[in-house]
């Protein structure tokens, strides 16, 4: 349970640049998307623990695992920000019951002398899930996500500093491919501001240059 808990929790973070690009989300919307999980996760822990006491820990733990797994998959089927936000919030509700219910399971079915070992296994499972999540997520992205648009910079872009700034600072940030986004994010904040200022000044000239080249052909 704890391996799946952290595996599903961390996998979305690995795929965030691709989700942002695919749905055209702003940085603010991505922040709201991630915050939705923590809000519902925090608010629903006490109610989910009550449900476990009321209807049985084994039954409710099964329900919680199936619920958060379903909503994790539904995030991949989201076609807009509203649906993505709703699925993320519902996912938080499902995960909220994991640790309260597992504590109930340990208290009822594990002898008192072995509860320390059992609790450490639950804690270790979470760390294991978090450790393997980047590797498994990266493999699945490579296997299943098609590359529709090339993210490679052209040789001319690398020789032309102003053109490179335009590539790293498009008018619409959601148009920035994941590879270029990673390059930009590795730059210091001051350098990013310089890149943006150069791109603003050079972009009209680049458009004029393209128009002249088109006419020359």
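Laboratory data are not the source of any read-out in this text; all were calculated from the coordinates shown. As the structure is a prediction and not an experimental result, all values here were calculated from the model. Here the Cβ positions follow ideal geometry from the backbone for every residue, glycine too, while neighbour counts run over all protein chains shown.
If neighbour count is taken as other Cβ atoms inside 10 Å, put 65, 32 in order from fewest to most. Display every interim value, and only then the final one.
Details: 65 19, 32 15.
Going from least to most buried by this count: 32, 65.
Can you sort 64, 41 so the residue with the fewest Cβ neighbours within 10 Å comes first?
41, 64
Take each of the peptides 1-10, 68-77, 92-101, average the number of other beta-carbon atoms within 10 Å over its residues, and list them starting from the highest.
Details: 1-10: 19.2, 68-77: 16.3, 92-101: 23.4.
Descending mean neighbour count gives 92-101, 1-10, 68-77.
Give me the Å³ per residue figure for the convex hull around the C-alpha atoms of segment 49-95.
Numbers: hull volume 2.5 nm³, N = 47.
Considering the Cα atoms of segment 49-95, their hull volume per residue is 53 Å³.
What ranking do 108, 20 get, fewest neighbouring Cβ atoms within 10 angstrom at the top? Intermediate values should be presented prior to the final figure.
Values: 108 10, 20 20.
Going from sparsest to densest Cβ surroundings: 108, 20.
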